[in-house]
Amino acid sequence: MVMAFAGFRRLGRRVFFAAPFALAAGTAFGQGTDVKFKRSSLVIETGGRELKFEVDLATNDTERSHGLMFRKSLGPYEGMLFDFYQELPVSFWMKNTLIPLDMIFIAADGTIRHIHSNAVPLSTDTIPSKFPVRGVLEINGGSAKLLGLKPGDKVKHAIFGNAG
């Protein structure tokens, strides 16, 4: 059973994240807990272009379970990068998430494995990674298609050991 508040639990080797979304530039609210996020830059290589994003980092259980919850907007090149420290299957849902998001599931070497487009705000439907992944990048819903992002593209960031 999934709890009605932000959180996650392990289901065998799969990690399930309930409402893995948080507030921008640093502070989340909800459930009476303040969460501070570190900021970082990443680059996505696609179609001969390099696209730079500014992201909040979700690197521990508390940060990952808050994610972009209650956030009302994201800038066009902003997002959140979830780090799981190892490759494993993960699932997300959108409970308490107010904006549509694209979820970009990324292998340990930075290769995009799967993109889930336009996750529905406030939905409790699960969104699986389909493959074991090291990280997940969340950006504005519809942005992956507009920017031409696709499986096989590369994400460059220190967590993938390939930052430029």
Region 81-158: spread of alpha-carbon positions along the three principal axes, whole Å, largest first, is 31, 26, 20
Quick shape check on region 34-74: root eigenvalues a ≥ b ≥ c of the Cα gyration tensor, a/c under 1.5 is rounded, otherwise prolate if a/b tops b/c, else oblate, and it reads prolate
In this structure, among Lys52/Lys145; Lys52/Lys130; Lys36/Lys72; Lys72/Lys156; Lys52/Lys154, pairs with alpha-carbon gaps over 24 Å are Lys52/Lys130; Lys72/Lys156
From the Cα centre of region 128-146 to that of region 93-118, the distance in Å is 2 Å
Under the 7 Å Cα-to-Cβ spin-label approximation, Lys72 and Ser41 lie apart by a distance in nanometres of 2.9 nm
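Since every read-out is calculated from the coordinates, none of them should be taken as a lab result. Keep in mind that what you see is a predicted model, and the values were worked out from it rather than measured. Every residue, glycine among them, receives a Cβ derived from its backbone with ideal geometry; neighbour counts consider all protein chains shown.
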